[in-house]
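Report on the structure given below.
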Amino acid sequence: MRNHKRPLLGSDSHDRDITLQPPKAACLACNDTGLVSNSDGLVRQYLSDYDLLPDGASMGASDCAVICHCTAAYGEQDHEGKVIRGGYRHDSGDIRSVDTENGPRFSGVELPKEAIQEIHHRRKAAWHETCRELNRARQARASGGDPEAMPWFLQELASLVRGMRDRQAQIERERVAERGRRMESLGSLLGDIDTPGGSDAA
């Protein structure tokens, strides 16, 4: 039986613990799902109000899905012609629709193929930069050269988390102080009175 434990840092086979690799997806616009993600906001550079509510607040999945142009957006059949995976597009490239009592409803919308390719290439470049920075910091920490090494984006995240924690602590302190300034309810005061005989006293 093979050992299920990960190699420990510092062992001969710990390289994968300090080396981050980009995702293996063929299409980084949709991560091989057929639906273009907007987690980094890139879709908004082509659809400026995408996933934005009327008041301007951001809300994921509030708009129709953007269908990719890569092979993941198409269905797949086995060697006998049986459908083993449905797709969002017909073989013609048209987006699939479903007939409803209110007419056809499409599974999503699309951006030009060039836009999808640009999103893919920009995310690929961002991933390589992320891996380069993170691996540089990991290797510096593992070698003992800089025990506090951290890429800039994690430094920003840590600063943001500390700020959120400090704000939450301040809100809690203000809430406690406000409670101390309020008048106690009559029921709370009576509950603090120790009457002779306890609950049997009339």
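Here are the numbers for this structure:
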{"item": "Likely footprinting exposure, Tyr74, Tyr50, fewest C-beta neighbours within 10 Å first", "result": "Tyr74, Tyr50"}
{"item": "Calculated from backbone phi, Karplus (6.51, -1.76, 1.60) coupling profile of segment 103-112 in Hz, x at Gly/Pro", "result": "x, x, 10, 7, 6, x, 10, 9, 10, x"}
{"item": "Prolate/oblate/rounded label for segment 21-149 (Cα gyration tensor, a/c 1.5)", "result": "oblate"}
{"item": "Anisotropy class of segment 92-170 from Cα gyration tensor, a/c 1.5 cut", "result": "oblate"}
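Computed from the coordinates by the stated procedures, all read-outs in this text should not be read as laboratory data. Keep in mind it's a predicted model, so treat the numbers as computed, not measured. Backbone-built Cβ (ideal geometry, glycine too); neighbour counts: all protein chains shown.
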